[in-house]
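First comes the structure, then the notes that go with it.
The values are calculated or read from the model by the stated rules, or taken from the named source; none is laboratory data. Just so it is clear, the model here is predicted, and its values are computed rather than measured. When we count neighbours, we look across all protein chains shown, and the Cβ atoms used for this are built from the backbone with ideal geometry, even at glycine. For the accessible areas, the whole protein counts, side chains as well, though only heavy atoms, and no ligand, DNA or RNA atoms are used. Shrake-Rupley method; radii C 1.70, N 1.55, O 1.52, S 1.80 Å.
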Amino acid sequence: MYKRQIFERFSEDFSKYFEVDVAIAGAGPAGMTAARYLAKAGKKVVVFERKLSPGGGMWGGGMTFPVIIVQEGSKQILEEANVKLDKADKGYYSADSIEACSKICSAAIDAGAKIFNAISVEDVLLGDNKINGFVINWSAVEIASLHVDPLSIRAKYCIDATGHAAEVCRIVQKKVGRLNTPSGKIEEEKSMCAEIGEKTVVENTKEVYPGLFVAGMAANTVYGAPRMGPIFGGMLLSGKKAAEEILKKFD
Ligand code: 48H
(Lines give C-alpha, C1' and ligand atoms only; values in the text may rest on other atoms or scores of the structure.)
Protein backbone atom coordinates (compact mmCIF):
# COMPACT_ATOMS: atom_id res chain seq x y z
CA MET A 1 0.00 0.00 0.00
CA TYR A 2 2.78 2.43 0.97
CA LYS A 3 4.24 2.01 -2.55
CA ARG A 4 1.14 3.57 -4.04
CA GLN A 5 1.51 6.37 -1.45
CA ILE A 6 5.08 7.13 -2.60
CA PHE A 7 4.08 7.18 -6.25
CA GLU A 8 0.92 9.24 -5.74
CA ARG A 9 2.58 11.77 -3.41
CA PHE A 10 5.45 12.27 -5.87
CA SER A 11 3.12 12.65 -8.87
CA GLU A 12 0.96 15.10 -6.99
CA ASP A 13 4.01 17.13 -5.84
CA PHE A 14 5.75 17.11 -9.20
CA SER A 15 2.69 18.03 -11.24
CA LYS A 16 2.50 21.33 -9.33
CA TYR A 17 5.85 22.39 -10.78
CA PHE A 18 5.41 22.07 -14.54
CA GLU A 19 4.80 25.85 -14.57
CA VAL A 20 6.60 28.06 -12.09
CA ASP A 21 7.72 31.64 -11.55
CA VAL A 22 11.39 30.72 -11.13
CA ALA A 23 13.30 27.51 -11.85
CA ILE A 24 16.79 27.06 -10.44
CA ALA A 25 19.45 24.61 -11.63
CA GLY A 26 21.65 23.53 -8.71
CA ALA A 27 20.99 23.41 -4.97
CA GLY A 28 24.34 24.74 -3.76
CA PRO A 29 24.53 27.73 -1.40
CA ALA A 30 23.76 30.24 -4.18
CA GLY A 31 20.77 28.31 -5.57
CA MET A 32 19.28 27.62 -2.14
CA THR A 33 19.66 31.23 -1.03
CA ALA A 34 18.03 32.52 -4.21
CA ALA A 35 15.23 29.98 -3.72
CA ARG A 36 14.67 31.08 -0.12
CA TYR A 37 14.31 34.80 -0.89
CA LEU A 38 12.16 34.28 -3.99
CA ALA A 39 9.83 31.91 -2.14
CA LYS A 40 9.70 34.27 0.83
CA ALA A 41 8.48 36.97 -1.58
CA GLY A 42 5.62 34.67 -2.61
CA LYS A 43 7.06 33.30 -5.87
CA LYS A 44 6.57 29.69 -6.94
CA VAL A 45 10.10 28.31 -7.01
CA VAL A 46 11.50 24.93 -7.99
CA VAL A 47 15.11 23.80 -7.65
CA PHE A 48 16.52 20.82 -9.57
CA GLU A 49 19.59 19.18 -8.06
CA ARG A 50 21.58 16.50 -9.85
CA LYS A 51 22.82 14.81 -6.69
CA LEU A 52 20.87 13.07 -3.94
CA SER A 53 21.65 15.77 -1.42
CA PRO A 54 21.36 19.52 -1.81
CA GLY A 55 24.27 21.61 -0.51
CA GLY A 56 26.72 21.55 -3.41
CA GLY A 57 30.30 22.31 -2.43
CA MET A 58 29.47 23.63 1.02
CA TRP A 59 29.43 20.35 2.97
CA GLY A 60 33.18 19.88 2.61
CA GLY A 61 34.18 23.31 3.98
CA GLY A 62 37.86 23.89 3.25
CA MET A 63 39.75 20.74 2.22
CA THR A 64 37.08 18.64 4.00
CA PHE A 65 37.54 20.44 7.33
CA PRO A 66 33.80 21.04 7.87
CA VAL A 67 34.12 24.75 8.49
CA ILE A 68 33.16 27.65 6.24
CA ILE A 69 34.04 31.32 6.45
CA VAL A 70 31.71 34.23 5.75
CA GLN A 71 32.19 37.98 5.96
CA GLU A 72 30.34 40.60 7.97
CA GLY A 73 28.15 41.59 4.99
CA SER A 74 26.72 38.13 4.47
CA LYS A 75 26.40 36.82 8.01
CA GLN A 76 22.79 37.95 8.29
CA ILE A 77 21.81 35.46 5.57
CA LEU A 78 23.07 32.63 7.79
CA GLU A 79 21.71 34.17 10.98
CA GLU A 80 18.22 34.39 9.47
CA ALA A 81 18.50 30.62 8.99
CA ASN A 82 19.59 30.18 12.63
CA VAL A 83 23.15 29.14 11.77
CA LYS A 84 25.53 29.75 14.70
CA LEU A 85 28.55 31.88 13.84
CA ASP A 86 31.85 32.29 15.67
CA LYS A 87 33.65 35.60 15.36
CA ALA A 88 36.86 34.71 13.64
CA ASP A 89 39.27 37.41 12.61
CA LYS A 90 39.26 40.75 10.79
CA GLY A 91 35.53 40.73 9.99
CA TYR A 92 35.45 37.03 9.02
CA TYR A 93 33.16 34.58 10.84
CA SER A 94 33.27 30.79 10.86
CA ALA A 95 30.37 28.33 10.84
CA ASP A 96 30.01 24.56 10.90
CA SER A 97 29.54 23.57 7.25
CA ILE A 98 27.14 20.71 8.05
CA GLU A 99 24.96 23.04 10.11
CA ALA A 100 25.11 25.80 7.46
CA CYS A 101 24.20 23.42 4.62
CA SER A 102 21.32 21.77 6.43
CA LYS A 103 19.87 25.01 7.71
CA ILE A 104 20.03 27.01 4.47
CA CYS A 105 18.36 24.07 2.74
CA SER A 106 15.75 23.92 5.46
CA ALA A 107 15.22 27.71 5.27
CA ALA A 108 14.53 27.47 1.51
CA ILE A 109 12.00 24.68 2.07
CA ASP A 110 10.34 26.49 4.99
CA ALA A 111 10.03 29.61 2.82
CA GLY A 112 8.05 27.50 0.32
CA ALA A 113 10.63 26.52 -2.33
CA LYS A 114 10.48 22.96 -3.68
CA ILE A 115 13.71 21.04 -4.20
CA PHE A 116 13.73 17.96 -6.43
CA ASN A 117 16.89 15.89 -6.11
CA ALA A 118 18.42 13.37 -8.52
CA ILE A 119 17.20 15.43 -11.48
CA SER A 120 19.59 17.15 -13.91
CA VAL A 121 18.96 20.14 -16.12
CA GLU A 122 20.15 19.03 -19.55
CA ASP A 123 18.86 21.83 -21.80
CA VAL A 124 16.79 25.00 -21.84
CA LEU A 125 13.33 25.70 -23.21
CA LEU A 126 13.60 28.40 -25.84
CA GLY A 127 11.01 30.73 -27.37
CA ASP A 128 10.91 34.33 -28.66
CA ASN A 129 14.66 34.70 -28.02
CA LYS A 130 14.10 34.09 -24.33
CA ILE A 131 14.82 31.19 -22.00
CA ASN A 132 11.41 29.94 -20.88
CA GLY A 133 12.30 27.00 -18.69
CA PHE A 134 14.44 23.91 -18.27
CA VAL A 135 14.64 20.55 -19.97
CA ILE A 136 15.16 17.92 -17.28
CA ASN A 137 15.90 14.26 -16.91
CA TRP A 138 16.68 11.82 -14.11
CA SER A 139 20.35 12.02 -13.11
CA ALA A 140 20.38 8.20 -13.22
CA VAL A 141 19.48 8.34 -16.92
CA GLU A 142 22.30 10.84 -17.50
CA ILE A 143 24.83 8.77 -15.54
CA ALA A 144 23.87 5.54 -17.35
CA SER A 145 23.96 7.40 -20.72
CA LEU A 146 20.57 5.97 -21.59
CA HIS A 147 18.81 7.34 -24.64
CA VAL A 148 15.69 8.61 -22.88
CA ASP A 149 13.97 11.78 -24.02
CA PRO A 150 13.57 14.40 -21.31
CA LEU A 151 10.60 16.42 -20.07
CA SER A 152 10.46 20.19 -19.79
CA ILE A 153 9.15 22.62 -17.24
CA ARG A 154 8.15 26.22 -17.97
CA ALA A 155 9.45 29.15 -15.89
CA LYS A 156 9.12 32.92 -16.17
CA TYR A 157 12.78 33.18 -15.09
CA CYS A 158 15.58 30.66 -14.69
CA ILE A 159 18.78 30.71 -12.66
CA ASP A 160 21.99 28.89 -13.48
CA ALA A 161 23.41 28.08 -10.02
CA THR A 162 25.39 25.04 -11.14
CA GLY A 163 28.72 26.15 -9.64
CA HIS A 164 32.13 26.15 -11.34
CA ALA A 165 30.85 24.36 -14.46
CA ALA A 166 28.14 26.96 -15.31
CA GLU A 167 26.33 24.15 -17.09
CA VAL A 168 23.20 25.99 -18.18
CA CYS A 169 25.13 28.96 -19.57
CA ARG A 170 27.38 26.52 -21.42
CA ILE A 171 24.31 24.98 -23.05
CA VAL A 172 23.06 28.45 -24.03
CA GLN A 173 26.49 29.33 -25.46
CA LYS A 174 26.54 26.12 -27.50
CA LYS A 175 22.94 25.97 -28.70
CA VAL A 176 21.24 29.32 -28.31
CA GLY A 177 23.38 32.39 -28.92
CA ARG A 178 25.45 35.23 -27.50
CA LEU A 179 25.67 35.60 -23.75
CA ASN A 180 25.72 39.02 -22.15
CA THR A 181 29.52 38.89 -21.66
CA PRO A 182 32.27 40.92 -23.40
CA SER A 183 33.02 38.10 -25.86
CA GLY A 184 29.46 36.78 -26.02
CA LYS A 185 30.89 33.52 -24.67
CA ILE A 186 31.86 32.11 -21.27
CA GLU A 187 35.02 34.00 -20.23
CA GLU A 188 36.10 31.10 -17.93
CA GLU A 189 37.08 31.10 -14.26
CA LYS A 190 40.45 32.51 -13.18
CA SER A 191 42.90 31.28 -10.51
CA MET A 192 42.31 32.01 -6.86
CA CYS A 193 42.14 35.52 -5.51
CA ALA A 194 39.65 35.57 -2.64
CA GLU A 195 39.31 39.37 -2.28
CA ILE A 196 38.47 39.91 -5.94
CA GLY A 197 36.46 36.70 -6.40
CA GLU A 198 34.17 37.46 -3.46
CA LYS A 199 33.44 40.95 -4.78
CA THR A 200 32.96 39.99 -8.42
CA VAL A 201 30.70 37.02 -7.71
CA VAL A 202 28.07 39.49 -6.53
CA GLU A 203 28.73 42.00 -9.35
CA ASN A 204 28.56 39.19 -11.92
CA THR A 205 25.18 37.98 -10.72
CA LYS A 206 22.94 39.19 -13.54
CA GLU A 207 20.77 38.30 -16.48
CA VAL A 208 23.18 36.59 -18.82
CA TYR A 209 20.62 35.89 -21.54
CA PRO A 210 16.98 37.05 -21.63
CA GLY A 211 15.15 35.01 -19.00
CA LEU A 212 18.32 33.42 -17.59
CA PHE A 213 20.24 34.72 -14.55
CA VAL A 214 23.54 33.36 -13.34
CA ALA A 215 24.43 33.11 -9.64
CA GLY A 216 27.18 31.79 -7.39
CA MET A 217 30.44 30.40 -8.69
CA ALA A 218 28.85 30.05 -12.15
CA ALA A 219 28.71 33.87 -12.33
CA ASN A 220 32.50 34.12 -11.94
CA THR A 221 33.03 31.35 -14.51
CA VAL A 222 30.77 33.11 -17.03
CA TYR A 223 32.32 36.56 -16.53
CA GLY A 224 35.95 35.38 -16.19
CA ALA A 225 36.60 36.14 -12.51
CA PRO A 226 38.69 34.34 -9.87
CA ARG A 227 37.76 31.55 -7.48
CA MET A 228 37.93 32.27 -3.75
CA GLY A 229 38.41 29.02 -1.79
CA PRO A 230 36.12 28.12 1.13
CA ILE A 231 34.70 31.60 1.69
CA PHE A 232 30.97 31.32 1.12
CA GLY A 233 29.71 34.84 1.85
CA GLY A 234 29.83 35.77 -1.83
CA MET A 235 27.73 32.70 -2.78
CA LEU A 236 25.04 33.66 -0.28
CA LEU A 237 25.05 37.32 -1.34
CA SER A 238 24.96 36.30 -4.99
CA GLY A 239 21.93 34.05 -4.40
CA LYS A 240 20.19 36.88 -2.59
CA LYS A 241 21.04 39.34 -5.36
CA ALA A 242 19.70 36.96 -8.03
CA ALA A 243 16.43 36.81 -6.09
CA GLU A 244 16.28 40.61 -5.78
CA GLU A 245 17.01 41.18 -9.48
CA ILE A 246 14.31 38.71 -10.52
CA LEU A 247 11.81 40.24 -8.09
CA LYS A 248 12.45 43.64 -9.76
CA LYS A 249 11.49 42.06 -13.11
CA PHE A 250 8.19 40.89 -11.64
CA ASP A 251 7.55 44.42 -10.34
C1 48H B 1 21.10 20.00 -11.80
C2 48H B 1 23.26 20.56 -11.23
C3 48H B 1 23.64 20.64 -12.58
C4 48H B 1 22.64 20.35 -13.55
C5 48H B 1 25.38 21.10 -11.40
O6 48H B 1 28.92 23.95 -6.69
P7 48H B 1 27.87 24.57 -5.88
O8 48H B 1 28.08 24.57 -4.40
O9 48H B 1 27.62 26.06 -6.44
P10 48H B 1 27.51 27.49 -5.73
O11 48H B 1 27.79 28.46 -6.78
O12 48H B 1 26.25 27.59 -4.97
O13 48H B 1 28.70 27.49 -4.67
C14 48H B 1 30.00 27.36 -5.08
C15 48H B 1 30.85 26.81 -3.94
O16 48H B 1 30.34 25.56 -3.50
C17 48H B 1 32.24 26.63 -4.44
O18 48H B 1 32.44 25.70 -5.21
C19 48H B 1 33.27 27.57 -4.12
C20 48H B 1 33.03 28.71 -3.18
N21 48H B 1 34.44 27.40 -4.67
C22 48H B 1 35.58 28.24 -4.55
C23 48H B 1 36.82 27.53 -5.02
O24 48H B 1 37.88 28.21 -5.01
O25 48H B 1 36.77 26.35 -5.43
O26 48H B 1 26.49 23.85 -6.17
C27 48H B 1 26.08 23.62 -7.48
C28 48H B 1 25.06 22.49 -7.47
C29 48H B 1 25.70 21.14 -7.12
O30 48H B 1 24.97 20.56 -6.07
C31 48H B 1 25.58 20.31 -8.40
O32 48H B 1 25.35 18.96 -8.18
C33 48H B 1 24.39 20.97 -9.07
O34 48H B 1 24.54 22.36 -8.77
N35 48H B 1 24.37 20.87 -10.52
N36 48H B 1 22.03 20.27 -10.83
N37 48H B 1 21.39 20.05 -13.12
N38 48H B 1 22.92 20.38 -14.86
N39 48H B 1 24.96 20.97 -12.65
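Considering the stretch 194-234, and only residues there that are touching a strand residue (DSSP E or B) at 6+ places or on another chain (Cβ under 7 Å) and among the acidic types (Asp, Glu), the residue that is nearest to the ligand (Cβ to nearest atom) turns out to be 198. State whether one or more residues within the stretch 91-111 are within 23 Å of residue 220 (Cβ to Cβ), surrounded by fewer than 17 Cβ atoms within 10 Å (Cβ to Cβ) and not hydroxyl-bearing (Ser, Thr, Tyr). Yes. Test residue 49 against the criterion of being surrounded by 13 or more Cβ atoms within 10 Å (Cβ to Cβ), acidic (Asp, Glu) and within 30 Å of residue 96 (Cβ to Cβ), and give yes or no. Spelling it out, residue 49 is indeed surrounded by 13 or more Cβ atoms within 10 Å (Cβ to Cβ), acidic (Asp, Glu) and within 30 Å of residue 96 (Cβ to Cβ).
Could you grab me the full set of residues in the stretch 230-249 that are modelled with pLDDT of 95 or more and either on the phi > 0 side of the Ramachandran plot or open to solvent by 30 Å² or more (accessible area, probe 1.4 Å) (or both)? Within the stretch 230-249, 237, 240, 241, 244, 245, 247, 248, 249 qualify. Among the residues of the stretch 123-144, those identified as part of a strand (DSSP E or B) and open to solvent by less than 80 Å² (accessible area, probe 1.4 Å) are 123, 124, 125, 127, 130, 131, 132, 133, 134, 135, 136, 137. Among residues of the stretch 153-177 that are more than 18 Å from residue 118 (Cα to Cα), those with a Cβ under 6 angstrom from a residue that is within 10 Å of the ligand (Cβ to nearest atom) and open to solvent by 10 Å² or more (accessible area, probe 1.4 Å), sequence gap 6+ or separate chain, pair up as 164/217; 171/123. With respect to being closer than 18 Å to residue 34 by Cα, within 15 Å of the ligand (Cβ to nearest atom) and in contact with a Cys (Cβ under 8 Å, 6 or more places away or on another chain), residue 163 falls outside the description. Here residue 72 passes the criteria (1) away from the ligand (no atom under 15 Å from the Cβ); (2) crowded, with 18+ Cβ neighbours inside 10 Å; (3) under 30 Å from residue 248 (Cα atoms) except the one numbered (2). Any residue at all in the stretch 12-22 that's crowded, with 18+ Cβ neighbours inside 10 Å and more than 28 Å from residue 136 (Cβ to Cβ)? Checked the stretch 12-22: no residue is crowded, with 18+ Cβ neighbours inside 10 Å and more than 28 Å from residue 136 (Cβ to Cβ).
In the stretch 169-193, of all residues being within 13 Å of the ligand (Cβ to nearest atom) and within 24 Å of residue 230 (Cβ to Cβ), the one that is surrounded by the most Cβ atoms within 10 Å (Cβ to Cβ) corresponds to 169. Restricting attention to the stretch 196-224, the residues being surrounded by fewer than 24 Cβ atoms within 10 Å (Cβ to Cβ) and among the small types (Gly, Ala, Ser) number 3. The requirement of being in contact with a Pro (Cβ under 9 Å, 6 or more places away or on another chain), crowded, with 21+ Cβ neighbours inside 10 Å, on the phi > 0 side of the Ramachandran plot and assigned to a helix (DSSP H, G or I) is fulfilled somewhere in the stretch 55-66, by at least one residue. Could you list, in sequence order, the residues of the stretch 33-53 that are over 20 Å from residue 124 (Cα atoms) and assigned to a helix (DSSP H, G or I)? Hits for the stretch 33-53 are 33, 36, 37, 38, 39, 40.
Among the residues of the stretch 145-168, those that are open to solvent by 60 Å² or more (accessible area, probe 1.4 Å) and part of a strand (DSSP E or B) comprise 151, 154, 156. Annotation: residue 246 fulfils all but one of (1) touching a residue at least 12 places away in the same chain (Cβ under 8 Å); (2) within 14 Å of the ligand (Cβ to nearest atom); (3) over 24 Å from residue 65 (Cβ atoms); the unmet one is (2).
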